[in-house]
1. Considering region 109-144 alone, what residues qualify as being part of a strand (DSSP E or B), of a type outside the set (Val, Ile, Thr), touching a Gly at 6+ places or on another chain (Cβ under 9 Å) and surrounded by 14 or more Cβ atoms within 10 Å (Cβ to Cβ)?
2. Got a sec? Which of HIS48, HIS17 is surrounded by fewer than 18 Cβ atoms within 10 Å (Cβ to Cβ) and under 21 Å from ASN72 (Cβ atoms)?
3. Would you confirm, using the coordinates I've provided, whether GLU51 is acidic (Asp, Glu), touching a strand residue (DSSP E or B) at 6+ places or on another chain (Cβ under 6 Å) and at pLDDT 85 or above?
4. Give the number of residues within region 63-85 that are surrounded by fewer than 17 Cβ atoms within 10 Å (Cβ to Cβ), at pLDDT 75 or above and farther than 16 Å from SER140 by Cβ.
5. Please find, within region 229-264, the residue that is nearest to ASP168 (Cα to Cα) out of those that are polar (S, T, N, Q) and modelled with pLDDT of 95 or more.
6. Find the residue count for region 90-108, including only residues that are small (Gly, Ala, Ser) and outside any helix (DSSP H, G or I).
7. So if I check each of THR177, THR167, which one is in a loop (DSSP other than H, G, I, E, B), within 30 Å of VAL238 (Cα to Cα) and β-branched (Val, Ile, Thr)?
8. Please state which of the following conditions ALA147 fails to meet, knowing it meets all the rest: (1) in contact with a Lys or Arg (Cβ under 9 Å, 6 or more places away or on another chain); (2) at pLDDT 90 or above; (3) assigned to a helix (DSSP H, G or I).
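The values are calculated or read from the model by the stated rules, or taken from the named source; none is laboratory data. Remember, it's a predicted structure, so these values are computed and weren't measured experimentally. Note: ideal-geometry Cβ built from the backbone for every residue, glycine included; neighbour counts use all protein chains shown.
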Amino acid sequence: MGYDLDQLRAFKAICEHGSLGRAAQALAITQPALSRTVQRLEHQVGAHLFERHSKGMHPTELGRALYPHATNLLHQSDQAVEDMAALQGLAKGTIRVGSIASLASSRMLSTALATTLRRFPGLQAHVIEGTWEQLCLALSDHGIDLALGVATPDTADVTAIGHCRWTDTVHIVAACTHPLHALPAPSLADALANPWVITPKGSQPHEHLQHLLASQGHAMPAQVVYTRSISMLKSLVVHSGFVSWCPLSMIEPERSAHLVAELPIQAGVATRELSVFRRTQGRLPLPAARLLEAIGEPPLDR
């Protein structure tokens with residue numbers, strides 16, 4: 001049984017907007033026309049896809065099962081249009097990429113995007129920043145086509161791209177004017193005696209730091225600001241005398257401006273492996289493949 005794309009768009013719009021009126025407005029069609037389209041789809045399926053209520057419409061169990069398939073089919077259709085345009089030299093697709101915060105602020109992604117858009121000026125880019133859990137969901141829902149994050153085992157939905165792996169180092173850092181830099185040989189205990197700013201409990205960097213400190217007999221710092229905001233983290237380090245633990249790629253602009261520097265505390269140094277991820281199923285869209293080519297090209301300042 002084949003599905004009509006207009007029917008699937010109507011179905012998806014009602015699922016996402018919760019009512020015929022809002023969905024019709026989003027699709028720029030009349031409410032009766034939308035109702036007829038969905039009724040034809042339900043007739044084709046042979047069952048109700050929505051429960052009708054006074055306050056709106058909610059998908060039935062069958063509707064909830066159809067939703068991810070409808071989303072995937074519509075995405076594949078849109079991607080086919082973009083790919084055909086690209087093959088004809090029009091290249092008007094969209095690069096959809098996500099990144100964890102510490103990589104979103106690094107030079108690697110911005111350089112790769114700039115290279116790709118310079119080569120293919122008809123392309124556009126949509127970049128989101130989020131936690132790894134948010135990026136995995138965005139990949140599965142076709143919100144993005146590539147995600148940059150810390151290397152992790154593949155899942156049924158998300159897989160790492162083998163040739164796009166690299167490492168960077170994580171250090172204890174402080175403002176260049178911080179008193180710790182004046183010590184001849186600052187220790188881990190010296191650093192921990194200061195106020196810190198780190199990511200919240202449960203985040204991968206927090207767990208990594210906690211494990212690193214525990215392996216050397218230290219507890220987490222006593223005075224801490226927890227934040228997922230990279231801007232806040234940097235501001236507290238640069239302007240307010242806080243210490244942090246972060247990858248050098250994340251603070252590259254501040255290091256170049258001599259605002260922040262890593263402390264010579266070898267016990268606080270760690271290495272992390274990074275990778276680019278994609279959906280396990282389906283072909284990678286051409287715009288994403290163009291970006292991937294740029295990411296994989298040497299030299300990259302990693």
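1. GLU129, the sole residue that qualifies.
2. Answer to the selection: HIS17.
3. Against the criterion (acidic (Asp, Glu), touching a strand residue (DSSP E or B) at 6+ places or on another chain (Cβ under 6 Å) and at pLDDT 85 or above), GLU51 qualifies.
4. 1
5. SER244
6. 6
7. THR177
8. That leaves (3) as the condition not met.
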